């Protein structure tokens with residue numbers, strides 16, 4: 001009889017593990033074996049192994065006595081074991097998501113190196129400080145209000161134990177259908193939002209938001225007032241980014257295009273080609289138009305001059321740091337490593353790596369053919385463009401499609417940089433508008449083309465049963481949903497960002513004085529040179545070329 005009971009316990013455990021059950025309420029009345037019997041059944045091998053390692057009591061590796069019991073008199077029950085398995089799953093997913101969030105935070109160092117390296121040495125301190133302080137500006141704004149707007153209407157996430165404390169979305173009834181507009185719960189992470197699961201999703205979403213804010217600093221470097229930059233970043237972290245992120249990820253109307261209108265699985269953006277990168281790139285375009293080009297960038301006839309950065313080594317090292325952080329960006333967007341679909345993190349990571357590789361190849365080959373030599377800065381931008389483009393489809397496509405998406409992105413960023421500079425007459429010192437704006441939009445569209453219908457995250461996406469499937473695999477309506485997202489990006493995000501920053505320009509001024517710009521922003525804006533061992537020699541050609549430097 002004892003053997004039968006032990007076998008039943010083992011079978012039940014195997015079933016719970018195979019089914020990936022979440023946290024299960026303790027069932028004290030369920031059939032149970034004694035703690036001693038279960039220890040014999042599941043603890044013999046661990047104890048034997050630990051005896052050889054000097055741990056005869058199993059205190060290091062653990063045993064059945066480590067599982068909390070609901071009723072000490074009843075002993076260890078199947079309900080207790082199932083609950084422990086569920087808690088372990090949530091613990092694994094917490095750890096995975098937090099570590100990936102830390103990786104994304106480290107990308108801030110990569111952005112700082114890329115942007116400062118592509119700018120002149122006289123602005124290095126100012127550029128580094130914008131990348132440093134944007135983290136604080138974004139975090140403060142997001143904690144105060146941005147997170148509530150974005151995620152305050154979220155219905156929950158099983159991988160993180162549910163987010164029931166939120167789930168308060170402001171909606172609009174239109175044509176007999178309810179559409180989500182913005183969240184209403186979670187300001188200051190207080191009240192109902194004071195919850196461990198909410199804290200995890202806050203950290204992960206916050207570093208995504210801050211990535212979007214950083215993109216703008218690159219496009220407006222070398223002439224943006226530091227104070228105005230700070231205020232603009234707070235507004236973007238509080239309103240611009242959270243609004244679009246809510247519509248896509250927080251239960252808002254773009255995600256509902258599938259349930260309400262039957263457009264595929266709704267707007268689908270796995271890790272943020274649109275939500276993060278295109279929002280940042282489009283906002284960068286709006287602000288750069290207001291700030292205007294650097295002195296000496298364009299001639300009277302409209303032709304442009306090359307203004308070289310000061311440190312290509314920092315640029316390429318920064319690109320590698322960003323590529324490393326992207327393994328938190330994309331695989332981390334499963335929000336777990338245990339549960340339905342979460343093992344796809346392996347596929348997402350490989351897709352990310354491949355697109356970065358082919359993006360680099362695309363940019364190098366294009367510039368090599370066009371100019372006769374490979375271009376180092378555009379090679380780095382090709383890597384980043386490939387990574388940006390694969391961010392949205394990384395969870396939905398196969399490796400071959402990932403390579404194609406990245407290759408196209410690498411060529412596209414080269415074409416876009418030339419278009420922005422020569423046709424739009426917008427000065428973007430680092431190519432941020434093209435890398436993140438054009439690359440992000442291409443990534444959003446590529447979901448509607450290349451998603452192969454094999455992903456399975458609990459059997460549904462955005463509340464619609466089935467896997468995300470693009471045009472090339474049989475669902476043209478998914479492409480329509482993606483194009484609606486692109487139209488919203490270009491229309492709303494650009495207009496809203498332009499209006500906010502136009503008001504700031506009228507109230508505070510966006511641009512530094514011509515004297516400060518010519519001297520370099522390190523001393524006028526920051527009070528300290530980034531590289532004090534260099535002394536600048538003012539000459540007439542200062543207006544149209546990189547200043548000469550002498551070593552003190």
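Values in this text are rule-based calculations from the coordinates and carry no lab data. If you're wondering where the values come from, they're calculated on a predicted model, not measured in any experiment. Note: ideal-geometry Cβ built from the backbone for every residue, glycine included; neighbour counts use all protein chains shown.
Relative to the longest principal axis of the Cα atoms of the chain, the long axis of helix 35-52 lies at roughly 60 degrees. Compute the helix-to-body angle for 399-422: its Cα long axis versus the longest principal axis of the chain, expressed 0 to 90° and rounded to tens. Its long axis makes an angle of about 20 degrees. For the pair segment 163-238 and segment 82-101, the centres of their Cα atoms are 24 angstrom apart. When peptides 205-216, 315-326, 271-282 are sorted by average Cβ neighbour count within 10 Å, with the highest value leading, the order is 271-282, 205-216, 315-326.
Between the C-alpha center of segment 406-484 and that of segment 292-363 there is a gap of 15 Å. Multiplying the residue separation of residue 398 and residue 531 by 0.36 nm and removing their Cα-Cα distance gives an extension gain of 43.3 nm. Peptide packing: for 479-486, 406-413, the average count of neighbouring Cβ atoms within 10 Å per residue gives the ranking 406-413, 479-486, highest mean first. Once you order the gyration tensor axes a ≥ b ≥ c over the Cα atoms, which shape class does segment 231-368 get: rounded for a/c under 1.5, otherwise prolate or oblate by comparing a/b with b/c? Note, shape of segment 231-368 comes out oblate. If the chain linking residue 231 and residue 173 were pulled fully straight, counting 0.36 nm for each residue of separation and taking away their Cα-Cα distance, it would gain 17.5 nm.
For the chain, a/c is not less than 1.5, where a ≥ b ≥ c are the root eigenvalues of the C-alpha gyration tensor, and a/b tops b/c. That puts it in the prolate class. What is segment 59-208 by shape, rounded, prolate or oblate, if you read a ≥ b ≥ c off the alpha carbon gyration tensor as root eigenvalues and call it rounded for a/c under 1.5, prolate for a/b larger than b/c, and oblate otherwise? Taking the square roots of the gyration eigenvalues as a ≥ b ≥ c, segment 59-208 is oblate. Each Cα pair under 8 Å and six or more residues apart adds its sequence gap; the mean of these over the residue count of segment 86-507 is a relative contact order of 21 percent. Between residue 305 and residue 144, the distance separating the two model label sites (each 7 Å from Cα on the Cα→Cβ line) works out to 4.0 nm. Between the beta carbons of residue 133 and residue 349, assuming R0 = 30 Å, the FRET efficiency works out to 0.45 to the nearest 0.05.
Compared with the dominant Cα axis of the chain, that is its longest principal axis, helix 279-291 is turned about 20°. Computed over the chain, the per-residue total of -39500 (n - 2.57) for DSSP H runs of n ≥ 4 gives a 222 nm mean residue ellipticity of -17500 deg cm²/dmol, rounded to 500.
Taking one quarter of the surface of the convex hull spanned by the alpha-carbon atoms of segment 443-499 gives a direction-averaged projected area of 4.3 nm².
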